[in-house]
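Every read-out reported here was derived from the displayed coordinates using simple, explicitly stated rules and does not represent laboratory data. Source: prediction; values computed, not measured. Backbone-built Cβ (ideal geometry, glycine too); neighbour counts: all protein chains shown.
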Ligand SMILES: Cc1cc2nc3c(=O)[nH]c(=O)nc-3n(C[C@H](O)[C@H](O)[C@H](O)COP(=O)(O)OP(=O)(O)OC[C@H]3O[C@@H](n4cnc5c(N)ncnc54)[C@H](O)[C@@H]3O)c2cc1C
Ligand SMILES: NC(=O)c1ccc[n+]([C@@H]2O[C@H](COP(=O)([O-])OP(=O)(O)OC[C@H]3O[C@@H](n4cnc5c(N)ncnc54)[C@H](OP(=O)(O)O)[C@@H]3O)[C@@H](O)[C@H]2O)c1
């Protein structure tokens with residue numbers, strides 16, 4: 001199905017639409033993206049995901065070149081081949097978050113402190129004291145031997161003990177790297193790595209996967225996504241997720257090439273028999289594949305009923321694809337649409353609460369052969385929905401806890417393959 005393009009040989013697409021799905025006053029940024037597809041060689045079915053290969057923001061690359069003093073025009077061999085250092089930093093490695101390997105490498109290098117500190121002071125001196133003082137200075141190991149006018153700023157401790165503590169304390173390391181990139185760390189500790197060594201420590205730039213939110217039968221020549229944009233501010237700079245920020249901020253509509261490929265699914269598929277009922281649970285960006293499923297079920301026709309549990313923070317600001325959903329309710333494509341707006345009242349209401357409230361009917365659907373799908377957050381939502389399903393089998397199927405667990409986890413999931421998940 002996926003055709004001639006792949007992660008190694010991606011298609012150079014364009015984004016033709018980028019629409020904010022949230023209403024005014026929201027704290028979220030969820031976007032609908034439309035990508036164009038080639039005339040042939042790149043087909044998909046509903047349930048598949050699109051792989052997107054992003055690039056680092058040019059301003060981050062320029063800042064990194066500035067703090068390291070490296071020449072971006074130098075030819076260098078990166079993890080995916082030879083290019084200018086600037087291009088390798090843009091396209092081959094992840095530089096938007098510092099990794100543990102790099103901090104560990106500082107620990108190995110910080111013993112000859114003078115070398116590390118020289119680089120550190122060079123940078124600070126440029127800002128605090130002025131170019132002329134720094135070039136000749138070398139630390140002799142004596143605490144009184146700091147250059148005149150040097151203010152260590154945030155580093156009140158010996159840098160080597162800070163690094164050693166990070167390497168020895170897993171939690172401190174996680175906290176430290178969570179909010180920092182290489183520019184922050186090099187600004188704090190300096191650097192005496194050559195570019196090749198630095199590049200070998202960085203993580204290779206990886207594609208990101210997105211559940212496809214459209215049916216190809218309904219939108220020929222296009223693939224559509226529903227994406228939660230990751231943004232945050234730390235240490236005086238705005239930053240965010242590599243791919244979501246790239247798609248939103250760096251890609252010019254109908255112009256900037258963006259590398260994509262198909263990632264087909266074998267398991268997260270619609271029932272082959274269109275007369276089967278389906279239940280879909282997809283809060284937040286988990287709506288994506290279910291919009292595609294509903295488009296496909298409407299296109300294909302068939303007797304099977306569709307029940308969608310959706311939720312997000314507020315009905316006013318997060319009711320994504322509202323008009324399309326209301327049209328599906330009007331024309332019967334959606335038999336039932338059950339919502340959980342988590343922040344529209346004092347207590348939290350989540351999709352699993354709505355499932356429990358509708359437990360009797362949900363059990364009847366399952367008992368009659370309905371398929372059950374979940375998409376979205378793996379760490380919390382999918383686990384809670386799973387537990388609720390087992391509880392419903394006990395409360396409404398009259399099963400013991402052991403039998404209910406066996407029914408959900410073995411019969412439904414593995415034997416009959418009608419409990420299917422796309423969680424991330
Ligand atoms: C099969 C599959 C389907 C998916 N489908 C979708 C989909 O339909 N829609 C969708 O939006 N996503 C989807 N995802 C997730 C998607 O692939 C990306 O992981 C997501 O978009 C983030 O990518 P990014 O490159 O922008 O962020 P990254 O650069 O990968 O950064 C994300 C990481 O940033 C960190 N982070 C987040 N917030 C903060 C913060 N405040 N401070 C510091 N660090 C932070 C976290 O460690 C997080 O894991 C899917 C994933 C999979 C595996
Ligand atoms: N594992 C991952 O990396 C991962 C997983 C999911 C999403 N994300 C990323 O996070 C960003 C936003 O995600 P999103 O828009 O999909 O929404 P989301 O953060 O998953 O939230 C959607 C809805 O789910 C609710 N929710 C929170 N905890 C829940 C639980 N235990 N059970 C059921 N519902 C729960 C939220 O309520 P409240 O917020 O009011 O509590 C909200 O109403 C995106 O960038 C996405 O890619 C990452």
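Each of 6, 214 was scored by other Cβ atoms within 10 Å of its Cβ. Arranged with the fewest first, they read 6, 214.
With the simple model of a label 7 Å out from the Cα in the direction of the Cβ, residue 323 to residue 97 spans 3.7 nm. Here the spin labels are modelled as points 7 Å beyond Cα on the Cα-Cβ line, and at residue 192 and residue 233 they lie 3.8 nm apart. Computed from the C-beta positions of residue 384 and residue 316, the FRET efficiency with R₀ = 30 Å rounds to 0.75. Remark: 243, 375, 202 ranked as 202, 243, 375, counting other beta-carbon atoms within 10 Å and listing the fewest first. Each peptide in 87-95, 289-297 was scored by the mean count of other Cβ atoms within 10 Å over its residues; highest first, the order is 289-297, 87-95. Over the residues of the chain, the helix contribution to mean residue ellipticity at 222 nm works out to -10000 deg cm²/dmol, using -39500 (n - 2.57) for each DSSP H run of at least 4. If the segment from residue 12 to residue 77 were pulled out straight at 0.36 nm per residue, it would be longer than the present Cα-Cα gap by 21.1 nm. Full extension of the segment from residue 209 to residue 349, taken as 0.36 nm per residue of separation minus the current Cα-Cα distance, would add 47.5 nm. Treating the angle as unsigned and between 0 and 90°, give the value, to the nearest 10°, between the Cα long axis of helix 100-109 and the longest Cα principal axis of the chain. So the inclination is approximately 20 degrees. For the pair residue 274 and residue 84, a Förster radius of 41 Å applied to the C-beta separation gives a FRET efficiency near 0.15, rounded to the nearest 0.05. Helix 113-128 and the long axis of the chain differ in direction by around 80°, with both axes built from C-alpha atoms. Annotation: the antiparallel percentage among DSSP beta bridges lying fully within the chain is about 65. Against the chain, whose longest principal axis comes from its Cα atoms, helix 159-168 is set at around 30 degrees. For the pair residue 29 and residue 415, the difference between a 0.36 nm per residue extended length and the Cα-Cα distance amounts to 135.1 nm. For the chain, the alpha carbon positions stretch 81, 51, 42 Å along the principal axes, listed from largest to smallest. For a paramagnetic label modelled on residue 254 (point 7 Å from Cα along Cα→Cβ), amide N atoms under 11 Å away belong, within segment 1-42, to 16-17. Cα centroid separation, segment 172-210 to segment 20-60: 26 Å. Peptides 337-348, 273-284 ranked from most to least packed, by the mean per-residue count of other Cβ atoms within 10 Å: 273-284, 337-348. Here the spin labels are modelled as points 7 Å beyond Cα on the Cα-Cβ line, and at residue 170 and residue 336 they lie 4.3 nm apart. For the listed peptides 19-27, 351-359, a ranking on the average number of other beta carbons within 10 Å per residue, highest first, reads 351-359, 19-27.
Sorting 184, 203, 312 by the number of Cβ atoms found within 10 Å of their own Cβ, with the fewest placed first, yields 203, 184, 312. Annotation for segment 349-385 versus segment 254-315: alpha-carbon center distance of 16 Å.
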